[in-house]
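Below is one structure, written out as structure tokens; the observations come after it.
The values are calculated or read from the model by the stated rules, or taken from the named source; none is laboratory data. For clarity, every value in this text was computed on a predicted model and none was experimentally measured. Neighbour counts run over all protein chains shown; Cβ positions are idealised from the backbone, glycine included.
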Amino acid sequence: MTVHRLPPVVATLRPSNHPYLNGAWTPLHEEVDADDLTVIEGLIPRDIDGVYLRNTENQIHQPLGRFHPFDGDGMIHALSFQDGRVRYRNRFVRTRGFQAEQEAKGSLWGGLADPPALAKRPGFGAHGSLKDSSSTDIVIHAGQALSTFYQCGEGYRLDPMTLDTLGLERWVPIDGISAHPKVDEATGELMFFNYAKHAPYLHYGLVDADNRLVTLQPIDLAGPRLPHDMAFTENYAILNDLPMFWDAALLERDIHAVRLHEGLPSRFALIPRRGGVPRWFEAAPTYVLHWLNAYEDGDEVVLDGYFQETPMPPPLADAPPGFGHMMAYLDERSFRPKLHRWRFNLRDGTTREQRLDERIMEFGAINPRHAGRPYRYGYSTVAKPGWFLFTGWIKNDLISGESWTYDLAPGRYGSEAPFAPRLGATAEDDGYLVSFITDENTGRSECILLDAARIQDGPVCRIALPHKICSGTHACWGERDKLA
């Protein structure tokens, strides 16, 4: 392995016992380029061609207050596959907040768990006092990567191969865009939403394959909401109004406390993709972080996602002192997400619901060529009890009801694993799941590829990375013919 290390960034973070600043969540501050990576096991397949991009959270400076793992600066890791060889590099997203704190040599903003008054400068997005760290999501659109922040940010474009930050996305509206814009590979279009504490509280937008803003329209809501993800079909975008959001009375005092509003249903808006009047449907109350897919089936629109049985869990009993509340909201065993299906009937306006799997799972992936269309297979992560750490994957056959699993060895933690189609593939599951692994037993990281048709067989190859990476949130796969 040949490794070239870049000049270090300015970092002021001090050692601590914070559970999400240690172990698999230890921040990485090093940026490198690496070629001729070492293959630990198996052979690198020659039948995939593209790049795996992973967004991670890496706190650089000493926090002003109580650190939350979603506060860290965005760092993108790229592993490029071509002709059986791989190249790796990682870069911080050079957001305006990142640059300002590099100049100040310290933190200028508090975090998700801090009062807004702690911020030394105005923040951005729905919360208003946070730093836009662009550390949540990453997608490929119009040949470039787009990184986004979970509570609405400016949206940063990056070169998907070099990871150079190319600047702010010019079409982003004044209130930013949320994490989880959706790209339809069949049309090249990108759909997005944002949310705010002022009216109009929600917007929906569509950008075409040439990166031109086509649609931007307000969506009527009764007040501020906290959506996190969206879905789409061939003809519709699907937004949500779920009953867990900020307490209005406390929000008037600038206290961002979230609660489940008893008596309110879940609501879903089906909007013509290029804009139009939303059609609303109601369903059982819950909160959903992530959707798996959606498609049209005759007179119905089908939406699959992860229904939370306990959206507001009690503090985690065995958490370190002072961390019980935060860790419960990061622990899937606490909020209990399960794969669930909603069917919206376009003729009579009714909703039917169905549980697809009773096991706790989240952070799903599908073959992206089936996004917004009928599909058969979903791939979900399984988490370590008590922690935001992934320990394996479940493959669901949504037609036969069968499923298969692959579990990592103790002390090994994976990442969200997008589907990489095999070159020339015709079957829906003909491809690979790609994931980075952080191994706490060895203090190292690697990349694994699982055959998506037989995930239970384990990795077809393992590739050493040049350093131990920090855990994080989302990842994507970009086929080479879709890169700039």
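A few comments on the model shown:
- Cross-chain or 6+ apart pairs with Cβ under 8 Å, the range 169-187 first and at pLDDT 95 or above, then among the basic types (K, R): E169/R157; W171/R212; E185/R369; E185/K482; A186/R369; A186/R373
- Within the range 320-329, the residues that satisfy the criterion of being at negative phi and either surrounded by fewer than 19 Cβ atoms within 10 Å (Cβ to Cβ) or touching a Cys at 6+ places or on another chain (Cβ under 8 Å) (or both) are P320, P321, F323, G324, H325, Y329.
- Scan of the range 322-365 for residues that are part of a helix (DSSP H, G or I) and among the basic types (K, R), ordered by number: R333
- Yes/no for N240 being at pLDDT 95 or above, touching a His at 6+ places or on another chain (Cβ under 6 Å) and surrounded by 22 or more Cβ atoms within 10 Å (Cβ to Cβ): no
- Meeting the requirement of 2 or more residues that are crowded, with 23+ Cβ neighbours inside 10 Å, the strands (runs of 3 or more DSSP E) wholly within the range 269-308 are 291-297, 300-308.
- Count of residues meeting criterion [more than 20 Å from the chain's Cα centre (by Cα) and small (G, A, S)] in the range 44-79: 1
- Here the condition is being among the charged types (D, E, K, R), at pLDDT 95 or above and crowded, with 17+ Cβ neighbours inside 10 Å; of D429, D439, it holds for D429 alone.
- Hits in the range 24-65 - residues which are on the phi > 0 side of the Ramachandran plot and of a type in the set (D, E, K, R): D36
- Looking only at the range 330-350, and only at residues there that are surrounded by 20 or more Cβ atoms within 10 Å (Cβ to Cβ) and within 21 Å of Y236 (Cα to Cα), the one that is farthest from the chain's Cα centre (by Cα): F344
- Test for K395: is it surrounded by fewer than 20 Cβ atoms within 10 Å (Cβ to Cβ), over 25 Å from L242 (Cα atoms) and either in contact (Cβ under 8 Å) with a residue 40 or more places away in the chain or in contact with a strand residue (DSSP E or B) (Cβ under 9 Å, 6 or more places away or on another chain) (or both): no
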